[in-house]
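Undergrad: So that we are looking at the same thing, I have put the structure below in structure tokens.
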Amino acid sequence: MKEGSLERSIRACYASWANSYFSDYYESESSYPPVHTAIIRDLLAQAGSKSIIDAGCGPASMLRELNLEGLDRFGFDLTPEMVAEARAVLSPQGVPASHVWEGSVLDPAAFGSPATRSLGQFDVAICFGVLPHVPAEADRAVLENLHNAVRPGGIVAVEARNAMFALFTFNRYSGAFFRDSLLDADALRRGAGDEAAALEAALGELDERFRLDLPPVRHGHVNEPGYDEILSRTHVPMELQSLAGDVGLEETRVLFYHFHALPPLLEARVPKLFRRESLRMENPEDWRGYIMASAFILVGKRGR
């Protein structure tokens with residue numbers, strides 16, 4: 001998919017979510033509490049940050065919760081409806097409309113406020129819910145843009161869906177992860193020779209280990225693509241951490257969140273226990289996050 005058509009599909013997916021996205025994912029009783037916001041609050045407090053830019057801010061989902069004394073907040077988003085909602089939400093908190101603008105994480109110029117268009121001016125740059133929609137070949141560009149958006153010594157925090165969580169889910173994500181990331185099914189087929197039929201039977205037997213019908217595919221509203229119908233990738237934490245080092249981020253670390261006390265397909269069996277114990281597990285530095293957390297935040301500093 002070409003960059004233009006990809007961004008059009010993302011705008012179409014999110015356009016009608018502007019008014020309900022925050023309530024759907026942050027305020028709904030069925031939604032997991034936004035533990036990632038607390039992680040960012042802690043990072044800001046520890047660093048004594050005075051300014052932040054949210055790349056792909058949506059309806060100010062994070063920025064509205066970071067209404068901290070002395071923190072100057074900025075953000076941009078690809079979808080005009082999200083920008084309008086973010087401005088409406090932040091205005092009562094004293095954030096000028098000029099602090100939120102339309103832009104793409106693939107465009108370096110989007111990372112400077114329209115008033116100054118200068119880069120390297122922020123203490124912190126965050127990026128949540130965006131990287132899944134970025135083509136693999138563009139990951140480096142996004143990390144470089146985030147790196148260049150902060151001053152020397154500034155902090156970058158970028159969120160991604162954890163690909164390794166598929167080792168714990170036993171669903172269609174697991175099937176894809178085993179075939180595409182662990183095994184090279186196409187290479188096995190090329191080398192199978194007279195065992196081709198037996199190989200297909202073996203791969204089919206592997207698929208039987210997973211609930212490939214779960215989770216249900218998320219569709220969009222009428223005439224709009226849903227989350228699972230646009231590019232929505234996962235990332236291997238170690239690979240993203242290595243790439244961050246390549247673009248100049250230092251002291252990188254991986255912080256995990258949204259832990260699962262049991263594989264998610266078992267949640268309905270013991271829903272109260274599942275939620276209670278999952279929240280109890282929340283520890284960004286717990287090594288079990290590599291397998292049992294569905295998301296992570298890569299944090300690093302721009303070199304001085």
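The values are calculated or read from the model by the stated rules, or taken from the named source; none is laboratory data. Everything numeric here is computed off the predicted structure, so don't read it as measured data. Here the Cβ positions follow ideal geometry from the backbone for every residue, glycine too, while neighbour counts run over all protein chains shown.
Undergrad: Exactly one of these conditions fails for Asn148: (1) exposed (fewer than 15 other Cβ atoms within 10 Å of the Cβ); (2) of a type in the set (S, T, N, Q); (3) in contact with a Gly (Cβ under 7 Å, 6 or more places away or on another chain); (4) modelled with pLDDT of 95 or more. Give me its number.
TA: (1)
Undergrad: Further, regarding this structure: Which numbered condition in (1) among the hydroxyl-bearing types (Ser, Thr, Tyr); (2) outside any helix (DSSP H, G or I); (3) farther than 21 Å from Pro34 by Cα is the only one that Ser91 fails?
TA: All conditions pass for Ser91, except number (2).
Undergrad: Can Asn162 be described as in the same structural domain as Thr37 (by TED's automatic domain parsing), under 30 Å from Glu205 (Cβ atoms) and not basic (Lys, Arg)?
TA: yes
Undergrad: Condition test on Ala45, is it surrounded by fewer than 24 Cβ atoms within 10 Å (Cβ to Cβ) and farther than 19 Å from Glu282 by Cα?
TA: Working: surrounded by fewer than 24 Cβ atoms within 10 Å (Cβ to Cβ): yes; farther than 19 Å from Glu282 by Cα: yes.
Answer is yes for this residue.
Undergrad: Just name the residue that is surrounded by the fewest Cβ atoms within 10 Å (Cβ to Cβ) out of those in region 177-199 that are over 21 Å from Leu167 (Cβ atoms) and basic (Lys, Arg).
TA: Arg190
For (1) in the same structural domain as Leu143 (by TED's automatic domain parsing); (2) buried (at least 17 other Cβ atoms within 10 Å of the Cβ); (3) at pLDDT 95 or above; (4) in contact with a Cys (Cβ under 6 Å, 6 or more places away or on another chain), each residue gets a yes or a no:
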site	(1), (2), (3), (4)
Ile40	yes, yes, yes, no
Ser51	yes, yes, yes, no
Ser61	yes, yes, no, no
Leu66	yes, yes, yes, no
Leu78	yes, yes, no, no
Val89	yes, yes, yes, no
Pro92	yes, no, yes, no
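Undergrad: Under 8 Å between Cβ atoms, at least 6 apart or on separate chains: pull out the pairs that start in region 88-106 with a residue that is over 24 Å from Gly70 (Cα atoms) and end on any residue that is among the polar types (S, T, N, Q) and assigned to a helix (DSSP H, G or I).
TA: Within 8 Å, the pairs are Val105/Asn145; Leu106/Asn145.
Undergrad: For Leu131, which of the numbered conditions (1) within 26 Å of Ala38 (Cβ to Cβ); (2) more than 17 Å from the chain's Cα centre (by Cα); (3) of a type in the set (A, V, I, L, M) fails to hold?
TA: (2)
Undergrad: With respect to the numbered conditions (1) hydrophobic (A, V, I, L, M, F, W, C); (2) at pLDDT 95 or above; (3) crowded, with 21+ Cβ neighbours inside 10 Å, which one is the sole condition not fulfilled by Val134?
TA: Condition (2) is where Val134 drops out.
Undergrad: Next question. Considering only region 283-300, state which residues are part of a loop (DSSP other than H, G, I, E, B) and of a type outside the set (A, V, I, L, M, F, W, C). Before the answer, list the steps.
TA: Pass one, region 283-300, residues part of a loop (DSSP other than H, G, I, E, B): 283-288.
The answer is Asn283, Pro284, Glu285, Asp286, Arg288.
Undergrad: When region 246-275 is examined, which residues are found to be exposed (fewer than 14 other Cβ atoms within 10 Å of the Cβ) and assigned to a helix (DSSP H, G or I)?
TA: Result: Asp246, Leu266, Ala268, Arg269, Pro271, Lys272, Leu273.
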